[in-house]
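Structure record follows, encoded as structure tokens.
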Amino acid sequence: MKTVDNFNFAGKKAVVRVDLNVPLNEDLTVRDYTRINAVVPTVQKIVKDGGSAILMSHMGRPKDGFEDKFSLKHIVADLSEKLGIDVKFGGDCIGAEADEMAANLQAGEVMLLDNLRFYKEEKKGDEAFAQKLASRGDVWVMDAFGTAHRAHASTAVIAKFVADKVAGYTMGREIEASRKILEEGEKPVTAIMGGAKVSDKILIIEKMIDVCDNIIVGGGMAYTFFKAMGGTIGSSLCEEDKLELALSLIEKAKAKGVKMLLPVDSLANTGFSNDGVCIEVDNMAIPDGHMGLDIGPKAAVEFADVVKASKTVLWNGPMGVSEFDNFAKGTVAIANAVAEATEAGAFSLIGGGDSAAAVNTLGFGDRVSYISTGGGAMLEMMEGKVLPGIAALED
Ligand code: 3PG
Ligand code: MG
């Protein structure tokens, strides 16, 4: 795979797919800069070489055509500031204004097209649309790791229509980070799996059984395991149709000699809320009318000890409803343990999406090895799947 490091952009126009699908506040200001920051090194390399960059991205999931709240115009100022370059806004991604701006783009200049998903052709992987995007540049740079699991026009199909294709720095860092877990993980390797649903994490847990020494299961999905083991879980989250599956995952781990740790206790509440009566409960016997919203203090200590003794850690999914202060303690305890392990020399990779947001808001962002820019993409990568956006760079 060719990377930006072995490509000279002097005098070239680069069509760069980035993932600027960033969370916005209600007033349309940027809430998290991770993905904007991730764009910077690749664009700076292009410009430093004496090239110019035509950036393109999606934002959210617009239904049918232009919608102001999904316009990338809202992030132009922040992007310009992070890059230290005045980014020109090209508007409609296949419009005449963008054509003209691209045609006149000078060395050192950067422009941004508006949301690719304002056209259905993007998600459909339409060839004519991909060719149109490709036609404005000399080389396609793929740096949208967060969208590399989509076989869309700008993330994969476009590769057919360009003379040169190269991977950006974010792609390189993400591929390297996942390799450190999947192929080169120094033992003990521990995966921490959280989040609401077992069904979202089946494939990754199965893969982790092949790779890890320990698998820690927390978050809402843990209750499906307790129910499957014959526990009473009150009104906690449960996927009734995944009980067999939960038992089979426990069996598979046992057969491979992998330690699967479930939280012995929970903090439970009478409803899905930060307020109310919060009690510590044994996860095999949660009283009626109570739902577990966080791992309990015993589980937090047990999990933290395992994490601190690990040399390689993958974390995907919070331990509880960490956006509620009263139920963030378990996630904080794990974040602390991951930070301590990292400071003692372990490699730690935090999956994107909810886990990245939790680690950042809780203030542990600087104390882990790498925070992925990908949510779904990171999961699929860890499941061992070939991502279309990476495959497109390879052939
Ligand atoms: C993401 O945030 O998951 C990526 O930007 C991809 O977006 P999508 O899930 O809407 O395809
Ligand atoms: Mg997604």
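Using a 10 angstrom cutoff on alpha carbons, build the Gaussian network for the chain and name the most mobile of ASN326, ASN316, ASN25.
ASN25
How large is ³J(HN,Hα) for each residue in the range 73-79, as worked out from phi by the Karplus curve 6.51 cos²θ - 1.76 cosθ + 1.60 (θ = phi - 60°), to whole Hz, x for Gly and Pro?
4, 5, 10, 4, 5, 5, 4
Starting from the amide H of LEU293, placed 1.01 Å from N in the peptide plane, find each other amide H under 5 Å away whose residue is 5 or more places distant or on another chain.
LEU267, ALA268, ASN269
Mind giving me the nanometre distance, one decimal, between the label points for THR270 and ASP210, set 7 Å out from Cα along Cα→Cβ?
4.9
Assigning unit charges at the beta carbon (Lys, Arg +1; Asp, Glu -1) and nothing else, what dipole magnitude in debye, to the nearest 20, does the chain show about its Cα centre?
Details: 42 positive and 57 negative charges, 171 e Å.
Dipole about the Cα centre, nearest 20: 820 debye.
Using only Cα atoms, locate the centre of the range 88-166 and the centre of the range 1-49, then give the distance between them in Å, rounded to an integer.
Value for the Cα centre distance between the two parts: 13 Å.
Taking amide H positions as placed 1.01 Å from N in the peptide plane, with prolines and chain starts having none, which residues 5 or more places from MET260, or on another chain, fall under 5 Å of its amide H?
Result for MET260 returns ILE215.
Could you list which residues have their amide H under 5 Å from that of LYS88, counting only those 5 or more apart in sequence or on another chain, with H placed in the peptide plane?
Amide H neighbours of LYS88, under 5 Å, 5+ apart: VAL110, MET111, LEU112.
Across the range 301-311, in residue order, what do the Karplus-derived ³J(HN,Hα) couplings come to in whole Hz, using 6.51 cos²θ - 1.76 cosθ + 1.60 with θ = phi - 60° and x for Gly and Pro?
Per residue, the Karplus-derived 3J(HN,Hα) values read 5, 4, 5, 4, 4, 5, 5, 5, 8, 8, 9 Hz.
In terms of Cα to Cα distance under 24 Å, which lysines are near enough to LYS329, apart from those fewer than 8 places away along the same chain?
Leaving aside lysines fewer than 8 places away in the same chain, those within reach of LYS329 are LYS197, LYS201, LYS227, LYS259, LYS298, LYS308, LYS311.
Highest mean first, how do 2-14, 365-377 rank when packing is the count of other Cβ atoms within 10 Å averaged over residues?
365-377, 2-14
Nearest 10 degrees, 0 to 90: what angle lies between the long axis of helix 169-182 and the longest principal axis of the chain (Cα atoms)?
Taking Cα atoms only, the helix is inclined about 30 degrees.
Which of CYS278, CYS212, CYS93 moves the most in a Gaussian network model of the chain with Cα springs under 10 Å?
The residue with the greatest mean-square fluctuation here is CYS278.
Nearest 0.05, what FRET efficiency do GLU394 and ASP325 give at R0 = 56 Å with Cβ-Cβ as r? The partial results should precede the final answer.
Numbers: r = 46 Å, r/R0 = 0.81.
After rounding, the FRET efficiency stands at 0.80.
Report, in degrees rounded to the nearest 10, the 0 to 90 angle that the Cα long axis of helix 198-211 makes with the longest principal axis of the chain.
90
Using only the alpha-carbon atoms, how far is helix 34-49 inclined from the longest principal axis of the chain? Give it as 0 to 90 degrees, nearest 10.
Around 30 degrees separate the two axes.
Projected onto the charge dipole of the chain (+1 at Lys/Arg Cβ, -1 at Asp/Glu Cβ, origin at the Cα centre), which of PRO297, GLY60, VAL258 gives the Cα projection farthest towards the positive end?
Projecting each Cα onto the dipole axis, the largest value belongs to VAL258.
Quick note: the coordinates plus some simple rules give every number you see, no bench work behind them. Since we're looking at a predicted model, the values are computed, not measured. For neighbour counting, all protein chains shown are included, and Cβ atoms are generated from backbone atoms with ideal geometry for every residue, glycine included.
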